[in-house]
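Worksheet: the structure to be examined is printed underneath.
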Amino acid sequence: MEHQAGDDIDWGPAGTEHFTGEVDFGAVHPPDTPEALAVLGVRFSPGARSDWHRHPAGQVLYVVEGTALVQDDAGSVAVAGPGDAVYAPPGEVHWHGAGPDEAMTHLSITDGGPTEWLGRKVTDEEYRSAR
Ligand code: MN
């Protein structure tokens, strides 16, 4: 068994290559191999969001604080609060982020390999239309 105190979990900036706004990653459970279970805390500042992407084996998002916006490329939007879970099936193109007024933290739970980024930012217009 391995018990990590919250203060011992390594948090650091996600960078801007695949995100808009200020986003931090927390290494809750880094994958033991590239395809293994990966649990990442992701903290978005107000208005921050990921770029469009997909996950080869799907993704569970579990909201810890704030309000999450999750949109798929068919246009559906999930507005999810603390304790809510959102599932993106394998290969479904989507983005996720915080609402405009408050920070949001979710857990990202994946396996099956790294995120596939599509090289497309979520524009301000796309972001505004998702609310
Ligand atoms: Mn995702």
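Laboratory data are not the source of any read-out in this text; all were calculated from the coordinates shown. The shown structure was predicted, so the numbers you read here are calculated from the model rather than taken from an experiment. Virtual Cβ from ideal backbone geometry, glycine too; neighbours counted across all protein chains shown.
Figures for the structure shown
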quantity: Test: ASP51 is of a type in the set (D, E, K, R) and within 11 Å of the chain's Cα centre (by Cα); calculated: yes
quantity: Restricting the stretch 84-95 to residues that are in contact (Cβ under 8 Å) with a residue 40 or more places away in the chain and in a strand (DSSP E or B), the residue that is surrounded by the fewest Cβ atoms within 10 Å (Cβ to Cβ); calculated: HIS94
quantity: Members of the stretch 89-112 that are farther than 12 Å from GLY47 by Cα, in contact with a Lys or Arg (Cβ under 9 Å, 6 or more places away or on another chain) and more than 10 Å from the ligand (Cβ to nearest atom); calculated: PRO90, GLY91, THR105
quantity: The stretch 27-47: number of residues that are surrounded by fewer than 18 Cβ atoms within 10 Å (Cβ to Cβ) and small (Gly, Ala, Ser); calculated: 4
quantity: Unique residue being more than 12 Å from the ligand (Cβ to nearest atom) and farther than 30 Å from MET1 by Cβ when the list is ARG120, ARG54; calculated: ARG120
quantity: The stretch 18-46: number of residues that are in a loop (DSSP other than H, G, I, E, B) and without any contact (Cβ under 8 Å) to a residue 12 or more places away in the chain; calculated: 3
quantity: Of all residues in the stretch 57-68 being within 10 Å of the ligand (Cβ to nearest atom) and surrounded by 18 or more Cβ atoms within 10 Å (Cβ to Cβ), the one that is farthest from the chain's Cα centre (by Cα); calculated: GLN59
quantity: Among (1) hydroxyl-bearing (Ser, Thr, Tyr); (2) within 25 Å of GLY6 (Cβ to Cβ); (3) touching a residue at least 60 places away in the same chain (Cβ under 8 Å); (4) away from the ligand (no atom under 11 Å from the Cβ) - the single one THR115 does not satisfy; calculated: (4)
quantity: Hey, VAL77 aliphatic (A, V, I, L, M) and crowded, with 16+ Cβ neighbours inside 10 Å or not; calculated: no
quantity: Residue check, ALA98 under 22 Å from GLY119 (Cα atoms), in contact (Cβ under 8 Å) with a residue 40 or more places away in the chain, surrounded by fewer than 16 Cβ atoms within 10 Å (Cβ to Cβ) and in contact with a strand residue (DSSP E or B) (Cβ under 8 Å, 6 or more places away or on another chain); calculated: no
